[in-house]
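Peer 1: I'd like to ask some things about the structure below.
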Ligand SMILES: Cc1cc2nc3c(=O)[nH]c(=O)nc-3n(C[C@H](O)[C@H](O)[C@H](O)COP(=O)(O)OP(=O)(O)OC[C@H]3O[C@@H](n4cnc5c(N)ncnc54)[C@H](O)[C@@H]3O)c2cc1C
């Protein structure tokens with residue numbers, strides 16, 4: 001992989017997501033050789049993927065080149081590669097570019113969409129875990145409207161216009177709200193020949209409420225917001241099958257050629273970890289220092305890590321903050337270990353959760369405040385703007401939001417590359 005030898009211990013970080021970035025940012029210069037490996041050459045800000053999918057933002061305003069983030073560090077090396085397997089005994093990894101030895105290996109590989117073993121759903125529906133997947137959704141939505149114009153068959157036209165989203169967690173709720181706004185303000189301008197009263201947006205959830213991890217107050221309000229935008233919410237409903245046009249559910253069948261799957265994630269850790277290292281969803285079991293027990297120098301952080309604590313006996317939620325906080329602490333702990341000091345245990349500080357359903361409609365459960373509506377929406381925008389990587393991206397996103405707010409329009413209705421459904 002052409003990484004020079006170094007007198008400093010080598011820390012290999014796999015994954016430049018929220019956790020991977022934080023550990024590197026918090027490692028002091030001049031103490032380690034740092035190698036970051038990612039199969040993409042950019043950090044993707046996943047919370048705003050839904051805006052790329054619904055033509056609200058360009059993909060490059062939520063992605064940032066990994067090399068640029070660490071350009072001032074001479075101890076930093078980036079390789080664009082996929083890590084295939086780990087040999088924990090020999091402390092080496094096998095990647096798509098070759099092999100590499102490590103002193104410390106940090107897996108921050110996140111999750112991918114979980115279709116729960118249903119190959120048909122995996123083939124015919126779309127996940128939204130990456131920038132290419134979000135662009136795929138944008139392309140398919142627009143291509144289906146182009147196709148809807150060309151058919152006289154009413155049923156076929158409705159199936160091309162309808163959208164079904166499975167999973168009413170934050171991703172599903174935010175997507176449903178954004179597509180409903182497209183239907184109200186944007187699509188009728190582009191496709192005046194189509195009757196948008198015939199377009200349905202369905203949000204299907206297996207549990208008995210939307211936003212299951214949030215407070216009842218926020219969940220109920222989000223449900224009301226969705227209904228006010230014309231989204232049909234189906235609770236306690238499970239998808240059973242899909243043939244590309246009709247979804248069979250435990251309730252009524254639904255007609256659509258756009259099925260978005262936001263109903264779960266799981267991890268695909270590199271080979272080399274045995275069954276006893278993995279728990280539900282293939283998360284890797286770690287101790288309070290993010291170490292994998294019995295595997296010297298191997299750490300896992302973020303969505304891919306499963307750590308039991310008193311307050312989180314079933315592991316931490318798979319959201320950005322645990323990844324960020326674990327990355328920060330592990331950087332400090334690696335320095336402590338190198339200095340012969342004792343490592344500190346991880347304790348998650350829950351900063352709350354939020355979701356936006358549309359303009360001036362959001363819900364926020366913060367440690368000292370639960371709020372819904374316009375104020376929550378302003379908080380949501382501020383938090384997401386500040387969390388974006390890169391000053392340019394913040395300015396571009398702020399400009400886009402302001403522009404879209406005043407003219408109710410979304411200009412990025414482009415089919416740059418045709419829809420191609422493949423896991424990315
Ligand atoms: C659509 C969506 C919306 C979300 N909204 C929110 C939100 O509003 N608030 C919130 O807190 N959280 C949200 N999340 C969850 C949040 O994004 C994740 O919890 C967070 O990204 C986890 O960070 P991580 O570092 O563990 O992994 P990730 O950020 O997923 O990063 C993993 C990285 O590893 C790389 N990688 C994976 N496998 C390999 C391999 N074998 N070889 C090389 N590279 C590899 C990937 O390319 C990726 O860059 C959302 C997630 C999604 C998908």
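The values are calculated or read from the model by the stated rules, or taken from the named source; none is laboratory data. Everything numeric in this text was worked out from a predicted model, so none of it was measured. Backbone-built Cβ (ideal geometry, glycine too); neighbour counts: all protein chains shown.
Peer 1: Kindly indicate the residue of the stretch 115-131 that is touching a strand residue (DSSP E or B) at 6+ places or on another chain (Cβ under 6 Å) and under 24 Å from residue 21 (Cβ atoms) and also nearest to the ligand (Cβ to nearest atom) among those meeting that condition.
Peer 2: It comes out as 129.
Peer 1: Report whether or not residue 92 is away from the ligand (no atom under 13 Å from the Cβ), crowded, with 24+ Cβ neighbours inside 10 Å and either under 30 Å from residue 411 (Cα atoms) or modelled with pLDDT of 95 or more (or both). Break it down stepwise before answering.
Peer 2: Numbers: away from the ligand (no atom under 13 Å from the Cβ): yes; crowded, with 24+ Cβ neighbours inside 10 Å: no; either under 30 Å from residue 411 (Cα atoms) or modelled with pLDDT of 95 or more (or both): yes.
No: the conditions fail for residue 92.
Peer 1: Does any residue of the stretch 73-81 turn out to be in a helix (DSSP H, G or I), more than 9 Å from the ligand (Cβ to nearest atom) and surrounded by fewer than 16 Cβ atoms within 10 Å (Cβ to Cβ)? Give the derivation first.
Peer 2: So in the stretch 73-81, the residues in a helix (DSSP H, G or I) come out as none.
No, because not a single residue in the stretch 73-81 is in a helix (DSSP H, G or I), more than 9 Å from the ligand (Cβ to nearest atom) and surrounded by fewer than 16 Cβ atoms within 10 Å (Cβ to Cβ).
Peer 1: Would you please name the residue that is farthest from residue 383 (Cα to Cα), looking only at residues in the stretch 340-357 that are more than 15 Å from the ligand (Cβ to nearest atom) and in contact with a helix residue (DSSP H, G or I) (Cβ under 8 Å, 6 or more places away or on another chain)?
Peer 2: 342
Peer 1: May I pose another question? Considering only the stretch 100-112, I want to know if a residue exists there that is more than 15 Å from the ligand (Cβ to nearest atom) and at pLDDT below 95.
Peer 2: No - not one qualifying residue is present in the stretch 100-112.
Peer 1: Let me ask you something else. Would you call residue 269 in contact (Cβ under 8 Å) with a residue 40 or more places away in the chain and either surrounded by fewer than 20 Cβ atoms within 10 Å (Cβ to Cβ) or assigned to a loop (DSSP other than H, G, I, E, B) (or both)?
Peer 2: It is true that residue 269 is in contact (Cβ under 8 Å) with a residue 40 or more places away in the chain and either surrounded by fewer than 20 Cβ atoms within 10 Å (Cβ to Cβ) or assigned to a loop (DSSP other than H, G, I, E, B) (or both).
Peer 1: Follow-up question, since we're still on this one. Could you identify the single residue in 389, 363, 397 that is more than 13 Å from the ligand (Cβ to nearest atom) and surrounded by 18 or more Cβ atoms within 10 Å (Cβ to Cβ)?
Peer 2: Only one candidate qualifies: 397.
Peer 1: A follow-up question, please. Could you grab me the full set of residues in the stretch 311-339 that are more than 9 Å from the ligand (Cβ to nearest atom) and touching a strand residue (DSSP E or B) at 6+ places or on another chain (Cβ under 7 Å)? Spell out how you get there, then give the answer.
Peer 2: Going through the stretch 311-339, the residues more than 9 Å from the ligand (Cβ to nearest atom) turn out to be 311-316, 325, 328-339.
Answer for the stretch 311-339, where residues must be more than 9 Å from the ligand (Cβ to nearest atom) and touching a strand residue (DSSP E or B) at 6+ places or on another chain (Cβ under 7 Å): 315, 330, 334.
Okay, residues lined up against (1) within 16 Å of the ligand (Cβ to nearest atom); (2) over 18 Å from residue 419 (Cα atoms); (3) touching a helix residue (DSSP H, G or I) at 6+ places or on another chain (Cβ under 7 Å):
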{"site": "144", "(1), (2), (3)": "no, no, yes"}
{"site": "147", "(1), (2), (3)": "no, no, yes"}
{"site": "153", "(1), (2), (3)": "no, yes, no"}
{"site": "156", "(1), (2), (3)": "no, yes, no"}
{"site": "160", "(1), (2), (3)": "no, no, yes"}
{"site": "164", "(1), (2), (3)": "no, no, no"}
{"site": "168", "(1), (2), (3)": "yes, yes, no"}
{"site": "173", "(1), (2), (3)": "yes, yes, yes"}
{"site": "179", "(1), (2), (3)": "yes, no, no"}
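Peer 1: Something else now. What are the residues in the stretch 59-72 that are within 11 Å of the ligand (Cβ to nearest atom) and in a helix (DSSP H, G or I), if any?
Peer 2: 66 - this is the single residue of the stretch 59-72 that is within 11 Å of the ligand (Cβ to nearest atom) and in a helix (DSSP H, G or I).
Peer 1: Within the stretch 1-32, track down each residue that is within 20 Å of residue 389 (Cα to Cα), within 15 Å of the ligand (Cβ to nearest atom) and more than 20 Å from the chain's Cα centre (by Cα).
Peer 2: Scanning the stretch 1-32 gives 24, 25, 26.
Peer 1: All but one of (1) at pLDDT below 95; (2) farther than 15 Å from residue 109 by Cβ; (3) within 14 Å of the ligand (Cβ to nearest atom) hold for residue 273; which doesn't?
Peer 2: Going through the list (1) at pLDDT below 95; (2) farther than 15 Å from residue 109 by Cβ; (3) within 14 Å of the ligand (Cβ to nearest atom), residue 273 breaks only (2).
Peer 1: Go through the residues of the stretch 281-300 one by one and say whether even a single one is over 18 Å from residue 271 (Cβ atoms), within 10 Å of the ligand (Cβ to nearest atom) and touching a helix residue (DSSP H, G or I) at 6+ places or on another chain (Cβ under 9 Å).
Peer 2: No, because not a single residue in the stretch 281-300 is over 18 Å from residue 271 (Cβ atoms), within 10 Å of the ligand (Cβ to nearest atom) and touching a helix residue (DSSP H, G or I) at 6+ places or on another chain (Cβ under 9 Å).
Peer 1: Name the residue that is farthest from residue 355 (Cα to Cα), counting only residues in the stretch 238-257 that are part of a loop (DSSP other than H, G, I, E, B) and touching a residue at least 40 places away in the same chain (Cβ under 8 Å).
Peer 2: Here the answer is 243.
Peer 1: Within the stretch 281-334, which residues are within 27 Å of residue 211 (Cβ to Cβ) and without any contact (Cβ under 8 Å) to a residue 12 or more places away in the chain?
Peer 2: Of everything in the stretch 281-334, those that are within 27 Å of residue 211 (Cβ to Cβ) and without any contact (Cβ under 8 Å) to a residue 12 or more places away in the chain turn out to be 308, 310, 313, 314.
Peer 1: A further question follows. Determine, yes or no, whether residue 260 is away from the ligand (no atom under 13 Å from the Cβ), touching a strand residue (DSSP E or B) at 6+ places or on another chain (Cβ under 6 Å) and outside any helix (DSSP H, G or I).
Peer 2: No: the conditions fail for residue 260.
Peer 1: Taking residue 56 and the conditions (1) in a loop (DSSP other than H, G, I, E, B); (2) away from the ligand (no atom under 12 Å from the Cβ); (3) over 29 Å from residue 179 (Cα atoms); (4) in contact with a helix residue (DSSP H, G or I) (Cβ under 9 Å, 6 or more places away or on another chain), which numbered condition does it fall short on, given that it satisfies the others?
Peer 2: (3)
Peer 1: Using the structure shown, decide if residue 66 is farther than 22 Å from residue 392 by Cα, surrounded by 16 or more Cβ atoms within 10 Å (Cβ to Cβ), in contact (Cβ under 8 Å) with a residue 12 or more places away in the chain and in contact with a strand residue (DSSP E or B) (Cβ under 9 Å, 6 or more places away or on another chain).
Peer 2: When the stated conditions are applied, residue 66 does not pass them.
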